[in-house]
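Inspection log for the structure reproduced underneath, given as structure tokens.
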Amino acid sequence: MTEVRISLVGYGVVGHGVVEVLERKRQLMGEIGLDLTLVSVTDHTGTYLAPDGVVAKDILDHRTLEGVANSDMAAREVFGSIDCDLVVEVTPTNIVHGQPGLGHMVDALSMGKHVVTSNKGPLVVDYRRLKDLARKNDVALKFEATVGGTMPLISLIERTLVGNTILGIRGIFNGTCNYILTRMAEEKYPYNHALTEAQELGYAEADPSYDVEGVDTAGKVAILANSIFDMDVKYGDVEVTGITGITPESLILAHKRGYAVKLIGEVPALTVKPMLVPLGSPLAVGSTLNAAAIYTDLSGTITVTGLGAGRIETASAILSDIVSIYRGNHVDAQRS
Amino acid sequence: MRLSMDLEMEDKPGQLLMALEPLREQKGNIISVLHHRDKKTPRGTIPVRVILEMDRSRLETVKGQLQANGIMVVRAGEERFLEEITVLLVGHVLDRDLGDTVHQIDSTGFAEVVDLSLSMPGIDEPSSAYLRIRATGKDEIQKAMSILRQVCVQKDLLVIEPIEADEP
């Protein structure tokens, strides 16, 4: 049995999901030889330390750690003072300066801890530096959950499609936009009406600009460009058009001619824009689904689809990244 | 000379033969026949596109023979436009001189807008236009698209392009 001691930084929606999934999958992980022990949880209010393992029910009902924290250590101090092998970084994302996640990741990697994250910001802002730090310290940096949520994309390319040259990737990487466009096409709702509905259902934030103006998708495009295509790009290098100018009439016109309109991110072209997708295409998925078409030289085009967000779904991608670090390292070692 | 003909025929046995026979008689060398049995026209006829090598001077004779055989000749002439793309424009499409937008494509000489549908929900509201553009080749399609993109930046129109046009 391999014991993996995990520190969790960030205790929002995804952080709660990670705590829950680690608890739920404890037995299954044991069966594949991994003893995943969560030894600390840190958020902006403090730290909850549990050297023998966090008992999920002790903290899951608390929205933040305020009231349950038993230490006022910040993340950096936690990494330096307790025995942990791996850091799960799930603080809120900032695509401009990457903080606070960027600092957490730099600290963790520098101290020789593996990092698994769903936080796009640091990878968009400073991917090269993080990857170099991981290599120098002989640890892994895993971020499947940052692109397409639970939909396997990065691991699919790095492991299953290894040997293929990836010619390009096109996809729907934002569930909020896809929901809005789907509802506008189906119900002939004006944009604002569809947005309000998405907000009421919790699919869109009160300030939806990050999603609907294509910023979120552009961040994912930058991560794919840096990680899969070995480019060195930032958010500003991506040409972005959002969905705010789309009208229900244009969707009807497109539908009559056999097309859906989807917000498509593309690498290595570095574009995010609404595009006409044939209704029969595997990319023409509806509701909050994400989808990605991977164009390869040997395998042709491979399309994956899945839920792009959600508490448990994102935690699932994080769990699979954790497991991948400790299983079949030889494949990853060649790529890092 | 390479020519193309858009024909329409009734959905009954032997029609295709009736359409091809006059071409054989006039020594036309058929390059391709696209028989769209599943894409019937509103008239209930089946559209067929024939591309052939033939002396242009024989075209009128062929057209006469086809019509005599009950085949409708929708268009016949030099095959110029081999590639096609569909795009959607959203914004104040009509107010920003749609005629000029179309003219910018048509005046290239290598590309033409061949189909156009408009949707105008109300005065002052953004309208949308569906355009089908044909061009003499793949490169010309791309050139026409870059002209269209520039025009639409000037006119503040959103251009929605098809995903399959330019696969990586």
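Other residues lying with their Cβ under 15 Å from the Cβ of residue A:255 contribute a combined charge of +2, Lys and Arg counting +1, Asp and Glu -1. Note on region B:83-166: with charges restricted to the Cβ of Lys and Arg (+1) and Asp and Glu (-1), its dipole about the Cα centre is near 100 debye. In summary, the aspartates and glutamates within cross-link reach of residue B:143, defined as a Cα separation below 16 angstrom excluding same-chain residues under 8 places away, comprise B:83, B:84, B:106, B:112, B:161, B:166. Computed from label points 7 Å out along Cα-Cβ, the spacing between residue A:209 and residue A:57 is 4.5 nm. Dividing the helix sum by the residues of chain B, where each DSSP H run of 4 or more adds -39500 (n - 2.57), gives a mean residue ellipticity at 222 nm of -8500 deg cm²/dmol. Could you please state, rounded to a whole Å, how far the C-alpha centre of region A:4-39 is from the C-alpha centre of region B:51-85? Using only Cα atoms to place each centre, the spacing works out to 71 Å. Centre-to-centre, using Cα atoms only, region A:264-280 and region A:68-83 are separated by 43 Å.
With a Förster radius of 60 Å applied to the beta-carbon distance between residue A:327 and residue B:150, the computed FRET efficiency rounds to 0.70.
Looking at chain B, do any whole DSSP H helices span at least 15 angstrom along their long axis by alpha carbon and average -0.5 or above on Kyte-Doolittle, and which? Mind showing how you got there, number by number?
Numbers: long enough: B:15-25 (16 Å, 0.21); B:138-154 (25 Å, -0.19).
Passing helices, by number: B:15-25, B:138-154.
Taking 7 Å steps out from each Cα toward its Cβ at residue A:160 and residue B:67 produces label points 6.0 nm apart.
Centroid-to-centroid, using Cα positions, region A:114-145 and region A:160-202 are 26 Å apart.
Distance between the modelled labels on residue A:187 and residue A:110, one decimal in nanometres: 5.0 nm (7 Å Cα→Cβ projection).
Shown are A:143, B:81, whose ranking by accessible area with a 1.4 Å probe and every protein chain present, most to least, is B:81, A:143. Taking the Cα centre of the protein assembly as shown as reference, the dipole from Cβ charges on Lys and Arg (+1) and Asp and Glu (-1) amounts to some 1280 debye. What angle, in degrees between 0 and 90 and rounded to the nearest 10, separates the Cα long axis of helix A:120-136 from the longest principal axis of the Cα atoms of chain A? With both axes taken from Cα atoms, the answer is about 50 degrees. A simple charge model with +1 on the Cβ of Lys and Arg, -1 on the Cβ of Asp and Glu and nothing else charged puts the dipole of region A:159-306 at about 520 debye relative to its Cα centre.
Positive end of the dipole of region A:81-148 (Cβ unit charges, origin at the Cα centre): among A:145, A:90, A:125, the Cα lying farthest that way belongs to A:125. When the Cα positions of B:98, B:69, B:86 are compared along the charge dipole of region B:50-101, B:69 comes out farthest toward the positive end, with charges on each C-beta of Lys, Arg, Asp and Glu. Compared with the direct C-alpha span, the chain from residue B:37 to residue B:118 gains 26.4 nm at full extension, assuming 0.36 nm per residue.
If I compute solvent accessible area with a 1.4 Å probe over the protein chains, what percent of it on chain B is carbon and sulfur? Mind showing how you got there, number by number?
Working: 4280 of 8900 Å².
Carbon and sulfur together cover 48 percent of it.
Averaged per residue, what accessible surface does region B:12-154 expose to a 1.4 Å probe, in Å²? Heavy-atom SASA per residue in region B:12-154 reads 55 Å².
Roughly what % antiparallel, to the nearest 5, for the DSSP beta bridges in the protein assembly as shown?
Values: 69 of 91 bridges.
Antiparallel: roughly 75 percent of the beta bridges in the protein assembly as shown.
Given R₀ = 35 Å, what would the calculated FRET efficiency be for residue A:32 paired with residue A:239, taking r from the Cβ atoms and rounding to 0.05? Rounded to the nearest 0.05, the efficiency is 0.20.
Heavy-atom accessible area for residue A:22, with the other protein chains in place and a 1.4 Å probe, reaches approximately 20 Å². First measure r as the distance between the Cβ atoms of residue A:70 and residue A:167, then evaluate 1/(1 + (r/R0)^6) with R0 = 51 Å and state the FRET efficiency to the nearest 0.05. E between residue A:70 and residue A:167, to the nearest 0.05, is 0.45. Structure note, pairs A:25/A:57; A:256/B:155; A:273/B:155; A:131/A:234; A:25/A:120; B:12/B:63: Cα-Cα distances above 23 angstrom occur for A:256/B:155; A:25/A:120. Here is how the number arises for chain A: DSSP H runs of 4 or more residues each give -39500 (n - 2.57), the sum is divided by the residue count, and the result at 222 nm is -11000 deg cm²/dmol. Ellipsoid fit via the Cα gyration tensor, region A:159-306: semi-axes of 27, 18, 12 Å, each the root of five times an eigenvalue, largest first. Helix A:191-200 and the longest principal axis of the Cα set of chain A meet at an angle near 30°.
Using the Cβ of residue A:177 as centre and a radius below 13 Å, the other residues enclosed give a net charge of 0, where K and R count +1 and D and E count -1.
With heavy atoms of protein chains only and a 1.4 Å probe, what residues of region B:51-91 have at least 10 Å² less accessible area in the full set of chains than alone? Correct list: B:86, B:88, B:90.
The values are calculated or read from the model by the stated rules, or taken from the named source; none is laboratory data. These numbers were taken from a predicted model, which means no experiment stands behind them. Here Cβ is always computed from backbone atoms with ideal geometry, including for glycine, and neighbour counts include all displayed protein chains. The protein model used for the area step is the full one, side chains on, heavy atoms only, and it has no ligands, DNA or RNA in it. Shrake-Rupley method; radii C 1.70, N 1.55, O 1.52, S 1.80 Å.
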